[in-house]
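Below is one structure; the comments refer to it alone.
The values are calculated or read from the model by the stated rules, or taken from the named source; none is laboratory data. Computed from a prediction, not measured in an experiment: that's the story for all the values here. As a convention, Cβ positions derive from the backbone with ideal geometry for all residues, glycine included, and neighbour counts pool all protein chains shown.
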Amino acid sequence: MYLVKRLISYVLCNIVGDFVVNAVQIGGYDPCTIIDFEIPKKYGLLQTIGDTLGIGGIFRALRTIPYMQEFADDIEEVCPNAWFLNYTNPMAMLTGYMQRYTNVKTIGLCHSVQGCSEWLLKGLGMEHEGVVDRIAGINHQGWLLEIRDKDGNDLYPEIKKRAAEKNATEKHGDMVRYEYIRRLGYYCTESSEHNSEYNPWFIKPNYPELIEKYNIPLDEYPRRCIEQIEKWKKQKEELFAGGEIKHERSHEYASRIIEAMITNVPYKIGGNVINKGYITNLPKEACVEVFCMVDGNGITPTFVGDLPLQCAAMNITNINPQLLTIEAAVTKRRETIYQAAMLDPHTAAVLSVDDIVSMCDELIEAHTNAGYKIL
């Protein structure tokens, strides 16, 4: 197995050259995603996606970081100058680990930045062509700080009006983020099903009516996994029957990053990087998401300054368990896993400290028994 992995690493770097793209899911749907959802559910902790924050995100990171370190070891040996383009969630935890604890040049990538404004405006029946925006924060909670039309007009007043009207009059798939606009003043980058579990407000056992009110799809990620597995089975059958795979450029950043670095033609991305003063009211150890310029010199993050106080405060509630999870992965301290879970906003809003500790112990044992050693 060791020789096979080494061979794959050499072939990958020889083919790709200076770039390694990471899009793995360690533990897969069965058994690990099932474990991440079913054990918390026994304690009354419900989730929607569970891949970025929350108890599901914490344990996904803990079982993935050892493999990230193996990837880093291979890259440092085989292609030490390569860029590691990370698409795997939990983005901030895995990218933050690679950037702080390895020597591999790493950028974290997510498609929620480039789709944020268009998704919002289409949902509100507004024109999106030629729009200029400014986004900064953390992965899946980057704030749409400014949004202007092609003539420079501020679109937020109309956005706020339409979002409030839509939430008050119809059920739709983005109600949580529209509530963010109402309560916090800003829209953010990732979907409402994700953001419903990044805070203590929406998934509450004592208020089950909130699930219906905000149209929150509990257990959404397991459903998607089952559907995707069936699609892969069908695709396999079609390919073996003579079908073809089409290669079309998507809106994902990776190919454009490679092109910009090789051709030295600049390209702007939303990238996940360690906060070296880019966002001045977030912790310096945090993995933040800011606009970056890509060219022949590499990737250069841009300065943001202070986020609006309420936006920074929201980000920090997510950053705290992210940093503690990374520390737990490095130190192998069970107590730090407990602390990461205790400081997760959704988990803390639902469970007692004793239940959090018991749940973590059960999750550690279940993942270890499945072959993914946490400690």
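Inclusion of L363 among residues that are in contact (Cβ under 8 Å) with a residue 12 or more places away in the chain, under 30 Å from Y180 (Cα atoms) and either among the aromatic types (F, W, Y) or out of contact with any Ser or Thr (no Cβ under 6 Å at 6 or more places or on another chain) (or both) is not warranted.
Yes or no, residue by residue, for (1) surrounded by 10 or more Cβ atoms within 10 Å (Cβ to Cβ); (2) more than 25 Å from P40 (Cβ to Cβ); (3) out of contact with any Gly (no Cβ under 6 Å at 6 or more places or on another chain):
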site	(1), (2), (3)
N167	yes, yes, yes
E170	no, yes, yes
I181	yes, yes, yes
E212	no, no, yes
Q228	yes, no, yes
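The number of residues in the stretch 202-212 that are over 20 Å from I39 (Cα atoms) and in contact (Cβ under 8 Å) with a residue 12 or more places away in the chain comes to 1. Here G152 clears all of (1) assigned to a loop (DSSP other than H, G, I, E, B); (2) at pLDDT below 95; (3) of a type outside the set (K, R) except the condition numbered (2).
Conditions (1) touching a Pro at 6+ places or on another chain (Cβ under 7 Å); (2) farther than 15 Å from E285 by Cα; (3) small (G, A, S), marked per residue:
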| residue | (1), (2), (3) |
| --- | --- |
| T325 | no, no, no |
| R333 | no, yes, no |
| P345 | yes, yes, no |
| V353 | no, yes, no |
| I364 | no, yes, no |
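Evaluate the following for N199: is it in contact (Cβ under 8 Å) with a residue 40 or more places away in the chain, among the polar types (S, T, N, Q), under 30 Å from S352 (Cα atoms) and part of a loop (DSSP other than H, G, I, E, B)? When the stated conditions are applied, N199 passes them.
Criterion applied to G173, G243 was being at pLDDT below 95 and either in a loop (DSSP other than H, G, I, E, B) or under 19 Å from the mean Cα position of the chain (by Cα) (or both), and the one residue passing it is G243.
Search the stretch 129-146 for residues being β-branched (V, I, T) and either within 26 Å of L53 (Cα to Cα) or in contact (Cβ under 8 Å) with a residue 40 or more places away in the chain (or both), and hand back the single one that is surrounded by the most Cβ atoms within 10 Å (Cβ to Cβ).
Taking the stretch 129-146 first, the residues β-branched (V, I, T) are 131-132, 135, 138.
Still in the list and also either within 26 Å of L53 (Cα to Cα) or in contact (Cβ under 8 Å) with a residue 40 or more places away in the chain (or both): 135, 138.
On the way: I135: 24, I138: 31.
The qualifying residue surrounded by the most Cβ atoms within 10 Å (Cβ to Cβ) is I138.
In the set (1) modelled with pLDDT of 95 or more; (2) assigned to a helix (DSSP H, G or I); (3) surrounded by fewer than 18 Cβ atoms within 10 Å (Cβ to Cβ), the condition left unmet by M126 is number (2).
Mind checking which residues of the stretch 359-375 are out of contact with any Leu (no Cβ under 6 Å at 6 or more places or on another chain) and either surrounded by 15 or more Cβ atoms within 10 Å (Cβ to Cβ) or basic (K, R) (or both)?
At the first step, the residues of the stretch 359-375 found to be out of contact with any Leu (no Cβ under 6 Å at 6 or more places or on another chain) are 359-373, 375.
The answer is M359, C360, E362, L363, I364, A366, H367, A370, Y372, K373.
Taking the criterion of being surrounded by fewer than 22 Cβ atoms within 10 Å (Cβ to Cβ) and not hydrophobic (A, V, I, L, M, F, W, C), the residues of the stretch 332-355 that qualify are K332, R333, R334, E335, T336, Y338, Q339, P345, S352, D354, D355. Looking at Y207, Y221, just one residue is hydroxyl-bearing (S, T, Y) and assigned to a helix (DSSP H, G or I), and that residue is Y221.
Against the test of being in contact with a Gly (Cβ under 8 Å, 6 or more places away or on another chain) and over 22 Å from E190 (Cβ atoms), the options K150, K161 yield a single qualifying residue, K150.
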